[in-house]
Amino acid sequence: VQLQASGGGLVQAGGSLRLSCAASESTINAYNMAWFRQAPGKERELVAGIGWRGVTKYYGDSVKGRFTISRDNAKSTVYLQMDSLKPEDTAVYFCAADHYYTLRYHYIEYTIWGQGSQVTVSS
């Protein structure tokens, strides 16, 4: 299975972006999915995760109330809607998949990764 991320770009503080992550196979629908981000010199961190059914969701403290994760299993695609963006949200964003019975929070658990998508928020 391959993951293809898209939707990054440059936006002013307070603006919005939507990232998409499309899978090459529908088998991804049985996987928990997550968005991670990594800023220069920092460790990769979990931004948001969603269970394979789309019911269980997790958000990092820094993005709660601003970001929304969702999935459309008919399209084998996961989305990250990012609103009220801040300069500190600037990072490379990665989508990832994990085949496990519950959501996990550390990037080392995720075995399938998409390419990164740069998000830059100007002040």
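The values are calculated or read from the model by the stated rules, or taken from the named source; none is laboratory data. In this text, all values refer to a predicted model and were calculated from it rather than measured experimentally. Glycine also receives a Cβ, built like all others from the backbone with ideal geometry; neighbour counts cover every protein chain displayed. Just the protein is used for accessible areas: all its heavy atoms, side chains included, with ligands, DNA and RNA removed. Shrake-Rupley method; radii C 1.70, N 1.55, O 1.52, S 1.80 Å.
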Please pick out the residue among L19, L10 that is open to solvent by 70 Å² or more (accessible area, probe 1.4 Å) and in a strand (DSSP E or B). L10
Do any strands (runs of 3 or more DSSP E) entirely within the range 61-118 hold 2 or more residues that are of a type in the set (S, T, Y), and if so, which? 67-72, 77-82
Please give the number of the condition M33 fails out of (1) over 14 Å from Y79 (Cα atoms); (2) open to solvent by less than 20 Å² (accessible area, probe 1.4 Å). (1)
Filtering the range 24-55 for residues that are under 11 Å from the mean Cα position of the chain (by Cα) and closer than 14 Å to Y107 by Cβ leaves a count of 10
Do we find a residue being under 17 Å from G7 (Cβ atoms), surrounded by 14 or more Cβ atoms within 10 Å (Cβ to Cβ) and modelled with pLDDT under 95 anywhere in the range 103-116? yes
Being touching a Phe, Trp or Tyr at 6+ places or on another chain (Cβ under 7 Å) and touching a residue at least 24 places away in the same chain (Cβ under 8 Å) narrows it down to one of H99, H106, so name that one. H99
Matching residues in the range 46-67 (open to solvent by 30 Å² or more (accessible area, probe 1.4 Å), in contact (Cβ under 8 Å) with a residue 24 or more places away in the chain and more than 24 Å from H99 (Cβ to Cβ)) number 1
Just to be sure before I move on: is D83 modelled with pLDDT of 95 or more, open to solvent by 20 Å² or more (accessible area, probe 1.4 Å), within 27 Å of S123 (Cα to Cα) and touching a strand residue (DSSP E or B) at 6+ places or on another chain (Cβ under 9 Å) in the structure I sent? yes
At pLDDT 95 or above, in a loop (DSSP other than H, G, I, E, B) and open to solvent by less than 40 Å² (accessible area, probe 1.4 Å) - does that describe any residue in the range 38-45? yes
